[in-house]
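Single-structure report; data block below.
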Amino acid sequence: MRRVLGAPLAEYLPALGLLLFTAAYLALGYRYPPAVRAFPVGVAWIMILLLVLDLSARTATGPGRALQRWLNPEAASSPPAGNATAAILWLIGFAALLVVAGILTAVPSFVFSSLRWRGKRSLGTCALAAAAATLFIWFMFSVLLRLGLYSGLLFGS
């Protein structure tokens, strides 16, 4: 298989695919009126920045390995085979909780539980991160953008 910057080309494909999708999303976002485009364009630029970091960290170069250690120290060790499956199941559970309980219930529940059981963080750290994430989402959408947040099947009217 062909190698690019020391890593197999296949290592780059998921991030490159997302980069193409994000570039198309960004181009579409710029077609909206200025008042509407701020959020989608901002999200797209942040995604592009994160994808560039991801692509850089995937290189088998000295700076790439250093960036990978800095961004994701656990990636240096070989993860157990079930980690990917467990991560996907966590996301499926989060999506289900979003549908059933709504955003303001699902986000703190997911942040707290994933930091506690997957990240093995302290109760205080988990509670603080969950509260901060929830407050940020509420402030951004309810206060700044004046959008109602989905309250779920359980709590919806």
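Across segment 142-155, the number of residues qualifying as without any contact (Cβ under 8 Å) to a residue 12 or more places away in the chain and assigned to a helix (DSSP H, G or I) comes to 3. Is it true that Tyr32 is assigned to a helix (DSSP H, G or I) and either in contact with a Cys (Cβ under 8 Å, 6 or more places away or on another chain) or not hydrophobic (A, V, I, L, M, F, W, C) (or both)? The answer is no for Tyr32.
Every condition in (1) modelled with pLDDT under 90; (2) in contact with a Phe, Trp or Tyr (Cβ under 6 Å, 6 or more places away or on another chain); (3) assigned to a helix (DSSP H, G or I) is met by Ala86 except one, and the failing one is (2).
Residues satisfying the criterion are absent from segment 107-116 (criterion: surrounded by fewer than 17 Cβ atoms within 10 Å (Cβ to Cβ), among the β-branched types (Val, Ile, Thr) and touching a helix residue (DSSP H, G or I) at 6+ places or on another chain (Cβ under 7 Å)). Within segment 44-61, identify whether any single residue is closer than 28 Å to Gly152 by Cα, at pLDDT below 90, assigned to a helix (DSSP H, G or I) and among the hydrophobic types (A, V, I, L, M, F, W, C), and answer yes or no. No, because not a single residue in segment 44-61 is closer than 28 Å to Gly152 by Cα, at pLDDT below 90, assigned to a helix (DSSP H, G or I) and among the hydrophobic types (A, V, I, L, M, F, W, C). Please verify whether Arg69 is modelled with pLDDT under 90, assigned to a helix (DSSP H, G or I) and at negative phi, treating the condition exactly as stated. Spelling it out, Arg69 is indeed modelled with pLDDT under 90, assigned to a helix (DSSP H, G or I) and at negative phi.
Of the residues making up segment 6-29, just one is touching a residue at least 40 places away in the same chain (Cβ under 8 Å), aliphatic (A, V, I, L, M) and either in contact with a Phe, Trp or Tyr (Cβ under 9 Å, 6 or more places away or on another chain) or part of a helix (DSSP H, G or I) (or both), namely Ala15.
The values are calculated or read from the model by the stated rules, or taken from the named source; none is laboratory data. Nothing here was measured: the structure is a model prediction, and the numbers come from that model. Note that each Cβ is placed from the backbone with ideal geometry, even for glycine, and that neighbours are counted across all protein chains shown.
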